[in-house]
1. Name the helices (runs of 4 or more DSSP H) wholly within the stretch 301-405 that hold at least 3 residues that are under 30 Å from Pro62 (Cα atoms), among the β-branched types (Val, Ile, Thr) and in contact with a helix residue (DSSP H, G or I) (Cβ under 8 Å, 6 or more places away or on another chain)?
2. Does Ala243 meet the test of being more than 19 Å from Leu192 (Cβ to Cβ) and either crowded, with 19+ Cβ neighbours inside 10 Å or in contact with a strand residue (DSSP E or B) (Cβ under 7 Å, 6 or more places away or on another chain) (or both)?
3. Take the stretch 185-234 and flag every residue that is free of Cβ contacts under 8 Å to residues at least 60 places away in the same chain and either under 20 Å from Tyr321 (Cα atoms) or assigned by TED's automatic domain parsing to the domain that holds Arg70 (or both).
4. Give Leu191, Leu137, Leu148, Leu207 a once-over and let me know the one that is more than 25 Å from the chain's Cα centre (by Cα) and under 30 Å from Gly242 (Cβ atoms).
5. Within the stretch 66-78, can one find any residue that is within 15 Å of Asp47 (Cβ to Cβ), crowded, with 21+ Cβ neighbours inside 10 Å and among the basic types (Lys, Arg)?
6. Ala102: closer than 22 Å to Gly222 by Cα and either touching a residue at least 40 places away in the same chain (Cβ under 8 Å) or within 19 Å of the chain's Cα centre (by Cα) (or both), yes or no?
7. Which residues, taken from the stretch 277-293, are more than 20 Å from His215 (Cα to Cα) and either in contact with a His (Cβ under 8 Å, 6 or more places away or on another chain) or among the aliphatic types (A, V, I, L, M) (or both)?
8. I'd like the full set of residues that are in contact (Cβ under 8 Å) with a residue 40 or more places away in the chain and part of a helix (DSSP H, G or I), limited to the stretch 287-296.
Amino acid sequence: MSENLKRDRDRDSCGWPTPSEAAREVIRRGAEQALDPRPEWLAELFDAVVHSERTEPAYTDPVLQEGARRANLSNLLHWAAANVRDPGARVSANRSPDLLEAKRDMVRRGLDETALETWRRGQNVAWRRWMEICFGLTDDQAVLHEVLAVTSRSISAFIDDTVAAVAETIRAERHDLTRGTHPERLATVSLLLEGAPVSRETAETRLGYRLTGHHLGAIVWGHDVPGDRLENAAELLLTATGATGRLTVLATGSSLWLWLPVPTAPRSDELNAAFTTVPSVHVAVGHPRLGLDGFRQTHLEAATVQRMMARLATSRRAGTYADTQLVALLSHDVAEADRFIDDTLGDLVHADPDLALTLRTYLDEQCNAARVAERLHTHRNTVVRRLTRCDELLPRPTTDDPVGIGAALHLLAWRGARGADQP
């Protein structure tokens, strides 16, 4: 019998309290509310998970962030669903795929204990919200006292059991997760990215990749997509860049880190069109750089683009550092970026997207309407009419603030639907 099952049996043998019918009814009604959590609850939960002093450094990667969010939401919904079915009863450990995959990714990245810390922080936030729910459901102090006593024990035991169950599963898989080609490559690459004293010759032998010459770093990722689709996307990138080979590292179960020995990068629009053939997969590309320092820098640039795309919840599938550097700088505070867009563009934000596209292209082409018509495959007169309409919608004419309007238009082009951004 596994240690986890023994622990469950031993605790059950000590007896689990059976709440009164009044307490069970409060727990059931509260659990029904928890099954449909308010957006502000989830925002607080996710903020605590990924923005604490101890865990934030681990979650600069949007894939790890998303894994942590899904894992903590899975815990919340698992516990709530169990208490709708049988209020106050002991809740079985959560062994959901989201939880296990988040833990696996942590192990791959050498962040084993961090995942457990996020679950504890999620527990603390959920408990505060649970108390608010309970206080809103009954004024009977005796019932409320019973509900809080039972559910406090329930939540604590549930998290303890889940941590133990997941740890047991991961222990059985640890050898596979930390041995083999991809884990060895990831370990070597991580040392290089940290600037550790690894000789170039040693690193090249381990990676099977030359660290001299040009490097173009890229990150390919997608949530809930099969591994072969990530590989297909990597091959598309290879074709788009004209590279003859690539270094590929499995960073998590949902993302690949790539380096291609090429001196140029395709444009975002070209990659965006190419990636329509691989649903739900995204790519972020750095700038071509030289040598070992360039190997590090181009990856960090790709990671900057990836974080920007995740932060803005963009519908675009691909982005390059050359095309998004300004947007990345301007979008660190998404709420402030949204205010800048609204204040600068006014009614143009909600107008026909072709208007914003035409004005953005016009500013990019140094206000040359003929070149805009050529790029957009439309008549020059159409361009002029659209530009006139843009000035009618803008708070002030384009000529008054071409730089600010251009920056806001580029932000708008990358911004996803409002309310879809991640914490």
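The values are calculated or read from the model by the stated rules, or taken from the named source; none is laboratory data. Bear in mind the structure is a predicted one, so any value in this text is a computation, not a measurement. Cβ atoms come from the backbone with ideal geometry, glycine included; neighbour counts cover every protein chain shown.
1. 334-345
2. yes
3. Hits for the stretch 185-234 are Ala233, Ala234.
4. After ruling out the rest, the residue left standing is Leu207.
5. yes
6. So Ala102 fits the description; yes.
7. Selection gives Val278, Ser280, Val281.
8. Selection gives Gly291, Leu292, Gly294, Phe295, Arg296.
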